[in-house]
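The structure appears right after this line, and notes come after that.
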Amino acid sequence: MTAEWLTTLGTAMGSAWLSGINLYATVVTLGVLERFHLVKLPGDLNILGNWWVIGLAGGMYLIEFVADKIPAVDSAWDAIHTFIRVPAGAILAATAFADFDPGVKWAAMIIGGSVALGSHGAKAATRLAANASPEPVSNIALSIGEDILTFGSTILMAFFPVLILIVVMVFLILLIWLGPKVFRALKRMLARLRALFGTEAGNAATPG
């Protein structure tokens, strides 16, 4: 029972953490591993093995792969995905605990959402600093590095979930130290998003 609990916890928190970095790469990797019976995901995460889920996530990953290489687009993309990666991380964590009591699932959802928010915020803060640089190399290198990290860590999590759980715990400890910087980065991103949509709304309202 203890081994099953740790496996589920590692998969739940690992999925939430990786969702905050690259949701679509995480879903595609888990889906392919489940689809070809290379792993047995806990709870109801086996739904990720459906071809329509893999295809949808794969399509979105390709769009993101291009979008996050363009600094201005990347910042807007990250801002919008604050409202996608975080809830998705919470849902993945709760889905992993589908076979447990409702209270446990709710706890997993809340904690998973918090973990996803932390990893998304850390990613956003790093990318925001890189996007401010006039040269494109650092942004592209970070983007490719994030993809490699996500694919590699997702595979590692699928086979060694307890190891990823340790990684997530170390990340959370570091996040406590970096928390204020991450929070400020998220505020700046959301401010940019409001400004973007505010400008578009103003342009639409201006008579031609």
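The values are calculated or read from the model by the stated rules, or taken from the named source; none is laboratory data. Everything numeric in this text was worked out from a predicted model, so none of it was measured. Every residue, glycine among them, receives a Cβ derived from its backbone with ideal geometry; neighbour counts consider all protein chains shown.
Quick one: in the range 1-49, which of the residues that are among the acidic types (Asp, Glu) and part of a helix (DSSP H, G or I) is farthest from residue 96 (Cα to Cα)?
34
I need the full set of residues from the range 109-129 which are among the β-branched types (Val, Ile, Thr), more than 19 Å from residue 68 (Cα to Cα) and surrounded by fewer than 22 Cβ atoms within 10 Å (Cβ to Cβ), in order please.
Those that are among the β-branched types (Val, Ile, Thr), more than 19 Å from residue 68 (Cα to Cα) and surrounded by fewer than 22 Cβ atoms within 10 Å (Cβ to Cβ): 110, 111.
Where residues in the range 37-59 are over 13 Å from the mean Cα position of the chain (by Cα) and closer than 19 Å to residue 20 by Cα, which of them is surrounded by the fewest Cβ atoms within 10 Å (Cβ to Cβ)?
Among those residues, the one meeting the criterion is 59.
Matching residues to (1) assigned to a helix (DSSP H, G or I); (2) more than 20 Å from residue 27 (Cβ to Cβ); (3) touching a Pro at 6+ places or on another chain (Cβ under 6 Å); (4) among the polar types (S, T, N, Q):
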position	(1), (2), (3), (4)
127	yes, yes, no, no
143	yes, no, no, yes
155	yes, no, no, no
177	yes, yes, no, no
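Inside the range 78-103, can you point out the residues that are at pLDDT below 95, crowded, with 17+ Cβ neighbours inside 10 Å and not in a loop (DSSP other than H, G, I, E, B)?
78, 79, 82
Any idea which residue in the range 1-16 is nearest to residue 169 (Cα to Cα), counting only those that are in contact (Cβ under 8 Å) with a residue 12 or more places away in the chain and of a type in the set (Val, Ile, Thr)?
Per the stated criteria, the residue is 11.
Matching residues to (1) acidic (Asp, Glu); (2) within 14 Å of the chain's Cα centre (by Cα); (3) farther than 15 Å from residue 19 by Cα:
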| site | (1), (2), (3) |
| --- | --- |
| 69 | no, no, yes |
| 74 | yes, no, yes |
| 80 | no, yes, no |
| 133 | no, no, yes |
| 137 | no, no, yes |
| 147 | yes, yes, no |
| 154 | no, yes, no |
